[in-house]
Structures are given as C-alpha cells and as structure tokens.
1. Quick one: count up the residues across the stretch 210-236 that are under 24 Å from LYS174 (Cβ atoms), of a type outside the set (Gly, Ala, Ser) and without any contact (Cβ under 8 Å) to a residue 12 or more places away in the chain.
2. Just one of the numbered conditions (1) under 21 Å from PRO66 (Cα atoms); (2) open to solvent by less than 70 Å² (accessible area, probe 1.4 Å) is not true of ALA30; which one?
3. Of all residues being open to solvent by less than 50 Å² (accessible area, probe 1.4 Å) and in contact with a strand residue (DSSP E or B) (Cβ under 7 Å, 6 or more places away or on another chain) in the stretch 115-132, which is farthest from ALA163 (Cα to Cα)? Just the residue, please.
4. Of the residues ASP58, ASP71, ASP62, only one is modelled with pLDDT of 95 or more, out of contact with any Pro (no Cβ under 8 Å at 6 or more places or on another chain), closer than 24 Å to PRO231 by Cα and open to solvent by 20 Å² or more (accessible area, probe 1.4 Å); which?
5. For the list (1) among the aliphatic types (A, V, I, L, M); (2) over 30 Å from GLY191 (Cβ atoms); (3) open to solvent by 10 Å² or more (accessible area, probe 1.4 Å), I need the number of the one condition that VAL81 fails.
6. Can we say GLY186 is open to solvent by 20 Å² or more (accessible area, probe 1.4 Å) and under 24 Å from the mean Cα position of the chain (by Cα)?
7. Looking at VAL17, is it under 18 Å from the mean Cα position of the chain (by Cα) and part of a strand (DSSP E or B)?
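The values are calculated or read from the model by the stated rules, or taken from the named source; none is laboratory data. As the structure is a prediction and not an experimental result, all values here were calculated from the model. Here the Cβ positions follow ideal geometry from the backbone for every residue, glycine too, while neighbour counts run over all protein chains shown. Note: accessible area is taken over every heavy atom of the protein model, side chains too, but ligands, DNA and RNA are not part of it. Shrake-Rupley method; radii C 1.70, N 1.55, O 1.52, S 1.80 Å.
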Amino acid sequence: MIKVAVAGCAGRMGRTVCDTVRAADDMELACGIDPHRPEVDFPVYPTVAAALESWAFDVLVDFTQPSVVADNLRVALPAGVDCVVGTTGLSNETLEELAALAPAGTCLFYAPNFTTGAVLMMEFAKAAAPYFPEAEVIEFHHCNKKDAPSGTAVRTAQIIAEARDGRASEAPGKETEIEGAEGARGALVDGVPVHSVRSMGYVASQEVVFGSLGQTLSIRHDSWDRTSYMPGVLLGIRSVGSCEGLVVGLENFMA
C-alpha cells in the first residue's frame, strides 16, 4: 500500500487528486497539506514539516503554486519522501538543485502535464520538428492559472528546439512588433514563439502550429476536465518509487 500525502489539497486539482488516491486499491491517503485547512474527513496540516512530524508517507503529490512548491520539496526530499510534482513554474536549474537534496533512492518526478494526450502531443511535435522550419505554440488556460506560459508550453518549445538541432526560425520576430504592442510575437522559449491565452471557459488546451513551404501542420490537445490528469498522476505515484534523482516528463513512465 502506497501512503500518499497531497500538498494543495484545498485546491481544485488537489481535491481531485485526494478523491482519486482514496479510490485506488493500492494507495492510502495519509494526509493533506494546505494552510487553508479545508473541512475534510482526513488529517490536514499547514506545512510539509508539520505533516512529517505526525505521519510517515511514501509519496508527496504537489499541486500548489509556483511560489510554494520549491519550499515544500526542500522539506520532503531530504526526508527521503518521493515527490510527484504537477505544479509548474520551476526552472530546470531549480529542479536539479532540489533533486540534489534527496538521499540515494529518492526521486523527484516533475511532469509539465499529466494527461496522456498532452504527452503524445509533445512526442508528435518532436517527430515533426525536423521537417518544418517554422513552429509556434499557442496555449489556452483558465483565467486563474498562476503562471504564463504553461509548463507544457515551455516543455513543448524546448523539445521542438532540441529536435531542430540548432536550426533557427526565419519567420519575422520581435523586430516587427509595432510600438505600444510589444509582445505581439509572443515569448521566445529556446527560439520558439509561445503565446498564452487566459480566459474563462478553458481548462487546458494547446496547439502547436508547424509551417513550411506551401503547407502547415497543427497538433492540438484539449483537456476539458481535471479528471483527465488523474491516470497520469496515479502512474506517477506508482512509478516514482522505482526511480531516483530527477525525472522530468510522464513519457518516462509510459510504456
């Protein structure tokens, strides 16, 4: 039985994770961690440190905020707790720094996206990138998302850049932005323009648009409900115990 603690259990994603863990036959929800202390029928602690004083758990699942997640991991990882992180906004340098705090046999698993469709979208983008000189990423999220661009968009742009093997885009860039409209060409992530849309009505969607002479290719993924993340979260919880160090991306666990 895998004992799981959920940081951010008062949030929408956190509540869904708690329900999913409790429904799994091979998992036990040890406790929640959230300073808002929701009224639930399981123990909730304001901090990871307070939870560790009272409970022993195997895995910490973190769906909190970019301003909180690093401090949570700085407590959990040195204690030998495997961590499954869905909170985006952490740089590669920060992830490597945090993973170095963990003793041997402990894993920090970070996934920019836990939906299998989004992972496949990134894999398809990787396959297409060498054949198209132009690529742009457009991501759409709900209006309460705390970071822009999304972790999925950043990771997609990085994958495209890696697959291009140093080849740069020839499309007009920021030099074409008119005065007073700076940012119109999006944020450059490893040379790939990324555009963030924030609006009510979305959960999480992303489109990758490739272009070459006389043709375009669009790859799109839409998530309409937070339950779409749960199979990936469960896969992360079940897999993280067999790894150590830093693992980035759900594709590492998808056979």
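1. So the answer is 2.
2. It is condition (1) that ALA30 fails.
3. In the first step, residues of the stretch 115-132 are kept if they are open to solvent by less than 50 Å² (accessible area, probe 1.4 Å); the result is 115, 117-119, 121-122, 125, 128-129, 132.
Filter once more, so that each one left must be in contact with a strand residue (DSSP E or B) (Cβ under 7 Å, 6 or more places away or on another chain): 115, 117-118, 121, 125, 128-129, 132.
On the way: THR115: 22, GLY117: 20, ALA118: 18, MET121: 14, ALA125: 9, ALA128: 9, ALA129: 6, PHE132: 11 Å.
Step by step, filter the stretch 115-132, then rank; the result is THR115.
4. Working: ASP71 fails: closer than 24 Å to PRO231 by Cα; ASP62 fails: open to solvent by 20 Å² or more (accessible area, probe 1.4 Å).
Matching residue, one of ASP58, ASP71, ASP62: ASP58.
5. Unmet condition: (3).
6. Details: open to solvent by 20 Å² or more (accessible area, probe 1.4 Å): no; under 24 Å from the mean Cα position of the chain (by Cα): yes.
The answer is no for GLY186.
7. Values: under 18 Å from the mean Cα position of the chain (by Cα): yes; part of a strand (DSSP E or B): no.
Against the criterion (under 18 Å from the mean Cα position of the chain (by Cα) and part of a strand (DSSP E or B)), VAL17 does not qualify.
Listed here are the residues, each with its yes/no results for (1) aliphatic (A, V, I, L, M); (2) at pLDDT 95 or above.
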position: VAL119; (1), (2): yes, no
position: ASN144; (1), (2): no, no
position: ASP147; (1), (2): no, no
position: THR176; (1), (2): no, no
position: GLY191; (1), (2): no, no
position: SER199; (1), (2): no, yes
